[in-house]
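The structure appears below as structure tokens.
Laboratory data are not the source of any read-out in this text; all were calculated from the coordinates shown. The structure presented is a predicted model; accordingly, all values stated were derived computationally and were not measured. Cβ placement follows ideal geometry from the backbone for every residue including glycine, while neighbour counts extend to all protein chains displayed.
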Amino acid sequence: MTSISHSCFVYRISHFIKRFSTFQRRFHCMITYIKGSIAELTPTEVVIEAAGVGYSIAISLNTFAALQGKESARVYVTEVIREDAHLLFGFYSKQERTLFEALTSVNGIGGQTARMVLSAFSPTELTEIIQGEQTAMLKSVKGIGPKAAARIVLDLRDKIGNLLSTGTLDVAPAAGGAIAAADKQVAEEAISALSILGFQPATVRKIVGNILKAEPGLDVQQLIKRGLKEIK
């Protein structure tokens, strides 16, 4: 093969790969789920063996908890195709996958950041946080700053409402009901203050939520004091 024909061949192959990658990105939902035996499981990854092939799938902590102790599983997946990687993100429920895809539709929120959000909140909690515009809770997640939190709420508040109304997203209400609308701003301020003091945001969020569900109407100072007692 001459150098000219070799160059033409390489160009054609490169051109084909670029066109195929574009096709994959446009039609990336080619795999709905993978069902098989669990070969490996860590808090961030599961390897599912199906038909002799091992699929490495990135997962959230919620999915990790759901898969623990199981020998086999069906994992719903979303493919993320990049120029340098072909990634699989997996979810124990369709609800979590729906929220992942909603999060990654927000400008600046990639797959890894969306997975961090879904590790911090259950699908029910995240739905309530977005609909309640509780940006302080979103900011407690590593990698989510004030602008990103505001963008998630702005972009997804109505979208989540539509998904709920059509049944595409079907999440059970949180035990004990949601925080009253009048208490949401107080909750945000208390969560932010307690997180700054060094307490784990996920723990703070649950404690503050439980306190306000039991005793609605507390002011920020009262809520912080109650939270400190509960945490300690």
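Between region 56-92 and region 141-167, the alpha-carbon centres lie 22 Å apart.
Can you give me the convex hull volume of the Cα atoms of region 49-118, divided per residue and expressed in Å³?
On the way: hull volume 6.3 nm³, N = 70.
Cα convex hull per residue, to the nearest whole number: 90 Å³.
Site pair SER72 and TYR33 shows an inter-label distance of 1.3 nm when each label is modelled 7 Å from Cα along Cα→Cβ. A simple charge model with +1 on the Cβ of Lys and Arg, -1 on the Cβ of Asp and Glu and nothing else charged puts the dipole of region 84-167 at about 140 debye relative to its Cα centre.
Cross-link pairs exceeding 21 Å in C-alpha to C-alpha distance, out of LYS147/LYS184; LYS159/LYS213; LYS94/LYS184, comprise LYS159/LYS213; LYS94/LYS184.
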